[in-house]
1. For Rg and Dmax of the Cα atoms in Å, pick the label among [x] 20.1, 63; [y] 23.6, 85; [z] 19.4, 68 that corresponds to the value derived from the coordinates.
2. Only bridges whose two residues both fall in the chain count here: according to DSSP, what percent of them are antiparallel, nearest 5?
3. Answer with one residue from 216, 185, 170: the one whose Cα lies farthest towards the positive end of the charge dipole of the stretch 115-321, charges on Cβ with Lys, Arg +1 and Asp, Glu -1.
4. Hey, what number do you get for the chain at 222 nm if only DSSP H runs of n ≥ 4 count, each worth -39500 (n - 2.57), divided across all residues, to the nearest 500?
5. I need 162, 314 ordered by Cβ neighbour count within 10 Å, fewest first.
6. Which ordering of 195, 15 is given by a fewest-first count of other beta-carbon atoms within 10 Å?
7. What is the set of long-range amide H partners of residue 187 at a cut-off below 5 Å, with H atoms built 1.01 Å from backbone N?
8. Who wins for biggest fluctuation among 126, 60, 192 in a Gaussian network model of the chain, springs between alpha carbons below 10 Å?
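Every number here is computed from the coordinates shown, using simple stated rules; none is lab data. Owing to the predicted nature of the structure, the values given are computational and were not obtained by experimental measurement. Positions of Cβ are generated from backbone atoms using ideal geometry, with glycine treated the same way; all protein chains shown enter the neighbour counts.
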Amino acid sequence: MAVYTEVSDDELARFIAGYDLGKLLSFKGIAEGVENTNYLVHTTGGTFVLTLYEKRVDVADLPFFLGLMEHLCARGVTCPLPVRDRNGNVLNELAGRNAVLITFLKGVWPKRPKVEHCLELGKALARMHLAGEDFPLHRANALGLAGWRPLYDKFAERTEEICPGLGALIATELRFLEEKWPTDLPHGVIHADLFPDNVFFLDDKLSGIIDFYFACDDALAYDIAVCLNAWCFDAASAFEPAKGAALLKGYDSVRPLTDRERDAMPILARGAAMRFLLTRSYDWLNTPKDALVARKDPADYVRRLKFHQSVGSIADYAPQLIS
């Protein structure tokens, strides 16, 4: 279970007493947490998620993350809403960590996404992008193009420990992306980490989006590229065209893609695959085998990257978007 910071009954009861949420009834750790410690908290006033921010999270970024959730909720996007205490504060301290309570969203994330899930996801992602247009805060994408080479440099000499030829693949691809990366696409607030475990469904209807702790400003279409990588490949990392087409169709029905975004999609998808290949490779080499969080195999994104390298245009993902 990915609980890095233990909280006692008495500590949490005192913490909850600062809110108008009634009395603490029970709480338990949430295993899916990766970056932070999360607890499911039950009080007489309802059910909430308590997040304790670990040292990997920059405290300076928290106003952006929490403010974005409030902003999106106010504009009809179903996502967790930070709960304010009796003094109007969202962010507090518990067990030596910055901590926040957020509302609990019902639903389950799809372990084997279907075409219907991808269609719903595309629509929800577009609605989120539109809702974020007037969000006043800004945060650069620390894991965007400018961050990829510095991250690679941290483990470049050890790539052969992961798989033969990985270093050459990454080095060649980084040169390509740095030369070809599009800079004239519509920008705005993106989620940047919208994997299936961050999207909840009830009866195949999307019920909410969670985990905004990689959210930032970047090309809106890059967010779609992240989703293509995360949702539209099978367990063997083979692309599933029906899912890709559904995702893009859903998005385009709410926020039509520009011609430039359509043209850039294969490169953006390559970039998104590179981003997760790099972070997974770094974690693979630097996460102890007995760590609370299981390492994720970088090879999955080697296969995804090689597929995107073979793509000629957005028609290979969704032919119906090309007229």
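1. Answer by label: [x].
2. 95 percent
3. Among 216, 185, 170, the one farthest towards the positive end of the dipole of the stretch 115-321 is 170.
4. Computed ellipticity for the chain at 222 nm equals -12500 deg cm²/dmol.
5. If I rank by nearby Cβ atoms, fewest first, I get 162, 314.
6. Numbers: 195 16, 15 20.
Arranged by neighbour count, lowest to highest, 195, 15 become 195, 15.
7. 220
8. 60
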